[in-house]
Amino acid sequence: MSNEQNDALRWQLQGLRRELQPENDLWPGIAARLAQAPQSASEQPKRISAHRFIPWAMAASVLLVIGMVWQVMPGSTQNNPQTSPLVLQQAVAMTFDYENALARMQETEAHPEVKQAFGELDRSAAQILTAIDRDPHAVFLLEQLRRTYARRLQLTQRVTMT
Amino acid sequence: MFMLTAVMSELTHDTTIPEVAAETDAALAKSAAGGDAIAFEAIYRRHAGRVHGVIVRLVGAQGVRAEDLTQEAFVRAWQALPKFRFESAVSTWLHRLAVTTALMELRSRRSGPRFDEDENAVDGLGVADSAGNGTALSMDLERAVATLPPRARAVLVLHDIEGWKHEEIANELNMAVGSSKAQLHRARQLLRTRLGGEA
């Protein structure tokens, strides 16, 4: 088999690498098994105290809800006049919960050197939220907000883990 | 509005989508590692398609069985997350876990071609297979891959579709690097035969 033939075959084979969603929603079955599947012990030398973990978990949960809202919204890459403002309002309300959770963690745990970065991200998020209030149909703003919180999570993670 | 525009511009240009996805994955994985099932559901929603896809490519689209393996892979991920050190992307880690889960299934099968016994069978299928005698001209590529013997299919899928190196494949399949290369050569030859030399 020549190299050209191999290349042609590999090119075609690479086209088979695609996502394939299960026909059924597997999450209910997975969730049922998680309750009976204990997680292995962490290898991290430093155990995270409960008061540090709780807001962190809350933040991630809120982020994922925002992400899911983003994913299920039709036409999420552009303004969509069919989008319900109520969905956006709920997302915005959740982001405030997220902000509050992070603020509590920042108040007690944040290193002074990163407080400025936190402040800049807070201001960016606030500006985007204001823009959402003005135009609740502008779905792209939700994505911008999600990116801002993703950055915030990453930075917060660095602070809390060091 | 000017400030908002500036913020938008900065966020758009400074952060690519894959980076944001990786950051979000890592944040969710850290929460899930602490027992947050909601965060883990988000990981499932984000990666079910990729995980299920590679499992189907390795074991074949056997409906419920492939879905069982996808479910199994995510349960294993849940159990192993606390030991995940974030030295690779969460998506990469999940992909490898899916491959391992699928290969364990192939090794344990009691019916059909045995994963550990088809080394010689590949040679016997090199020119003309018993089902199609090399005349299945119209067989599409995906179906042709699915009809390969398990070990040859695993090597071909991992190397040519998933992009693994022979060293990685040999380690995962517990074979010599040379055997991996030989299996790939034969798998390609089988494919070309079954596709009627059109690939």
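The values are calculated or read from the model by the stated rules, or taken from the named source; none is laboratory data. Not measured: the values here are computed from a predicted model. Every residue, glycine as well, gets a Cβ built from its backbone with ideal geometry; the counts of neighbours run over all protein chains shown.
If you go through segment A:101-129 and keep only what is modelled with pLDDT under 70, surrounded by 13 or more Cβ atoms within 10 Å (Cβ to Cβ) and over 14 Å from residue A:155 (Cβ atoms), you end up with A:101, A:104.
Please work out if residue B:70 is facing chain A (nearest Cβ under 8 Å) and polar (S, T, N, Q). Against the criterion (facing chain A (nearest Cβ under 8 Å) and polar (S, T, N, Q)), residue B:70 qualifies. Scan segment A:11-37 for residues that are modelled with pLDDT under 85 and either touching a Cys at 6+ places or on another chain (Cβ under 9 Å) or within 7 Å of another protein chain (Cβ to nearest Cβ) (or both) and jot them down. Across segment A:11-37, the qualifying residue is only A:37.
Hey, can you tell me all the residues within segment B:75-105 that are loosely packed, with under 14 Cβ neighbours inside 10 Å, assigned to a helix (DSSP H, G or I) and within 13 Å of chain A (Cβ to nearest Cβ)? Residue satisfying the conditions is B:83 alone.
Would you mention how many residues in segment B:145-154 are in a helix (DSSP H, G or I), within 14 Å of chain A (Cβ to nearest Cβ) and farther than 18 Å from residue B:52 by Cα?
Restricting attention to segment B:145-154, the residues satisfying the condition of being in a helix (DSSP H, G or I) are B:145-146, B:150-154.
This time we only want the ones that are within 14 Å of chain A (Cβ to nearest Cβ), so: B:145-146, B:152-154.
Add one more test, that the residue is farther than 18 Å from residue B:52 by Cα, and what stays is B:152.
Residues that pass the stated criteria total 1.
Would you confirm, using the coordinates I've provided, whether residue B:50 is at the interface with chain A (Cβ under 7 Å from one of its Cβ atoms), in contact (Cβ under 8 Å) with a residue 40 or more places away in the chain and buried (at least 24 other Cβ atoms within 10 Å of the Cβ)? In short, no. Restricting attention to segment B:168-199 and to residues that are without any contact (Cβ under 8 Å) to a residue 12 or more places away in the chain and of a type in the set (D, E, K, R), the residue that is farthest from the other protein chains (Cβ to nearest Cβ) turns out to be B:168.
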